[in-house]
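The values are calculated or read from the model by the stated rules, or taken from the named source; none is laboratory data. This one's a predicted model, so the numbers in the text were calculated from it and none came from an experiment. Glycine gets a Cβ as well: all are built from the backbone with ideal geometry, and neighbour counts include every protein chain shown.
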Amino acid sequence: MHLAKSHDQVPKRTSTQVYIAFLYIYCFILTVVYSTNLTAYLTVKKAPKSMETIQEVHDSGVHLVGMDDFFEKMLGSSPDPNLQKLPPFILLRG
């Protein structure tokens, strides 16, 4: 409505000119922020859901890596059945 057609007059008072200048800058910044956030939202993939329980680690089938067989022995002797069911460790020998 206000910006539908151009105005032939320029504001005469300095305070009005400053107000209009800040209004244009504000609108420009708002447009840039909105468009960049929209672009980022539409192009960036969402992070996969993280595993938070031992049961989720077991169900995922990921391989566990350790430097020695200590963790494998400790998990095997654990009273928690979810820890005992974890897949065997991939051992790294140093």
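The rows are residues; the columns are (1) hydroxyl-bearing (Ser, Thr, Tyr); (2) loosely packed, with under 10 Cβ neighbours inside 10 Å; (3) at pLDDT 90 or above.
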residue: 4; (1), (2), (3): no, yes, no
residue: 7; (1), (2), (3): no, yes, no
residue: 10; (1), (2), (3): no, yes, no
residue: 27; (1), (2), (3): no, no, yes
residue: 32; (1), (2), (3): no, no, yes
residue: 37; (1), (2), (3): no, no, yes
residue: 41; (1), (2), (3): yes, yes, no
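Restricting attention to region 26-65, the residues that are β-branched (Val, Ile, Thr), assigned to a helix (DSSP H, G or I) and farther than 30 Å from residue 80 by Cα add up to 7. The numbered conditions (1) at pLDDT 80 or above; (2) assigned to a strand (DSSP E or B) are all true for residue 16 except (2).
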